[in-house]
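None of the figures in this text is laboratory data; all of them are computed from the coordinates on show. The shown structure was predicted, so the numbers you read here are calculated from the model rather than taken from an experiment. For neighbour counting, all protein chains shown are included, and Cβ atoms are generated from backbone atoms with ideal geometry for every residue, glycine included.
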Amino acid sequence: MKQAELVIIGGGPAGLCAAISAAKSGAKVLIIERNKYLGGQLVKQTHMFFGSEKQYASTRGIDIPEILLNELDKHKENVEILTDTTVVGMYEDGVITALHKEDDFFKISAKAVVAATGAFEKSLAFPNNDLPGIYGAGAVQTLMNVHGVKPGNKVLMVGAGNIGLIVSYQLMQAGVEVVAILDAAPKIGGYLVHASKIRRMGVPILTSHTVKEAIGKDFIEKAVICQVDDKFQPIEGT
Ligand SMILES: Cc1cc2nc3c(=O)[nH]c(=O)nc-3n(C[C@H](O)[C@H](O)[C@H](O)COP(=O)(O)OP(=O)(O)OC[C@H]3O[C@@H](n4cnc5c(N)ncnc54)[C@H](O)[C@@H]3O)c2cc1C
């Protein structure tokens with residue numbers, strides 16, 4: 001069985017930052033990442049980051065892994081990295097089971113473990129929200145920026161925070177028509193600079209609006225939208 005002092009599951013920004021801190025303090029770190037590459041979601045984030053300067057705001061997401069990996073490299077004597085390896089089990093006695101590629105199954109005994117496996121997108125609850133063609137913004141970025149696949153030709157974006165605004169802009173860059181951006185909040189949540197750019201391109205941003213229902217047989221064809229009141233409840237007749 002492989003022995004490790006600290007196992008970090010997931011080589012996204014959280015896992016890499018944890019690895020830098022631990023390796024800097026002298027711990028022997030083993031990073032396990034299921035993808036062939038490190039960086040997690042950053043690999044698809046072609047936009048300049050919003051957020052705090054400490055978290056590399058204004059740098060393109062795709063450029064951040066290199067910065068983190070250079071930092072990690074300064075402590076390389078304390079770091080081992082296994083990519084293309086998925087952690088499939090974790091047991092009370094500290095044993096971790098992992099699968100490298102498709103058939104190399106092995107065990108690791110770890111003194112400590114950091115789980116930095118990321119999150120999954122929350123979907124809004126509305127009738128027919130499982131019709132093909134309804135995506136979270138992260139999935140749209142994966143399709144377009146990792147696989148080079150256009151997710152559709154005409155899009156209604158729900159959410160006018162920075163993610164909704166940035167992904168709308170990327171969709172337009174890919175030749176997709178964005179018919180409108182909705183947000184249930186009374187104000188646009190994202191930066192005004194992004195909202196203004198999108199509005200100048202002719203896309204209306206409807207605040208105090210939400211999606212009520214999706215319509216379609218085998219895939220989404222239409223969406224019913226409505227205005228909401230200050231308690232986010234649909235206003236009849238709108
Ligand atoms: C469209 C979009 C735009 C965004 N823009 C910004 C922005 O501008 N600024 C900002 O600060 N944030 C932004 N974010 C958020 C940012 O991407 C996330 O906060 C960040 O990626 C989370 O990092 P993480 O390391 O926790 O997770 P992730 O980046 O998801 O990394 C988790 C890693 O764990 C690996 N993993 C999972 N399970 C296993 C397993 N069992 N075994 C081995 N490996 C595993 C995954 O393959 C992945 O590499 C954006 C998010 C989206 C969706």
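Observations on the structure shown:
- Overall dimensions of segment 117-180 by Cα: Rg and Dmax, Å: 11.6, 34
- Intensity falloff of segment 62-145 expressed as log10 I(q)/I(0), Debye formula with alpha-carbon point scatterers, at q = 0.14 Å⁻¹: -0.83
- Of all segments of the chain bounded by trypsin sites (Lys or Arg not before Pro) found in a DSSP loop with no more than 13 other C-beta atoms within 10 Å, the longest spans 123-186.
- For GluC sites (Glu not before Pro), the sites in segment 75-127 that DSSP calls loop and that have at most 14 other Cβ atoms within 10 Å are Glu92, Glu102, Glu121.
- Dipole magnitude for segment 2-115: computed about the Cα centre from +1 point charges on Lys and Arg Cβ and -1 point charges on Asp and Glu Cβ, it is near 180 debye.
- With contacts taken as Cα pairs under 8 Å and at least 6 residues apart, the chain reaches a relative contact order of 16 percent.
- Sequence-distant lysines (8 or more away, or on other chains) whose Cα lies within less than 28 Å of Lys231: Lys122, Lys187, Lys212, Lys222
- Backbone amide hydrogens, once placed in the peptide plane, bring Lys212 within less than 5 Å of Val224, Ile225, Cys226, excluding anything fewer than 5 places away on its chain.
- Partner aspartates and glutamates for Lys24 [C-alpha distance under 18 Å; skip if fewer than 8 residues away on the same chain]: Glu5, Glu66, Glu71, Asp73, Glu77, Glu80
- All Cα-Cα separations within segment 137-227 were binned at 10 Å from zero, giving a P(r) of 17, 49, 31, 3, each value a whole percent of the pairs.
- Share, in percent, of DSSP beta bridges within segment 137-227 that are antiparallel, nearest 5: 45
- DSSP-defined antiparallel bridges as percent of all bridges, the chain, nearest 5: 45
- Anisotropy class of the chain from Cα gyration tensor, a/c 1.5 cut: prolate
- By the rule of a C-alpha distance below 20 Å, with chain neighbours fewer than 8 residues away ignored, the lysines paired with Lys2 are Lys28, Lys76, Lys101, Lys107, Lys111.
- Compactness of segment 2-115 as Cα Rg over 2.2 N^0.38 Å, two decimals: 1.09
- In segment 2-115, the DSSP beta bridges split such that about 45 percent are antiparallel, to the nearest 5.
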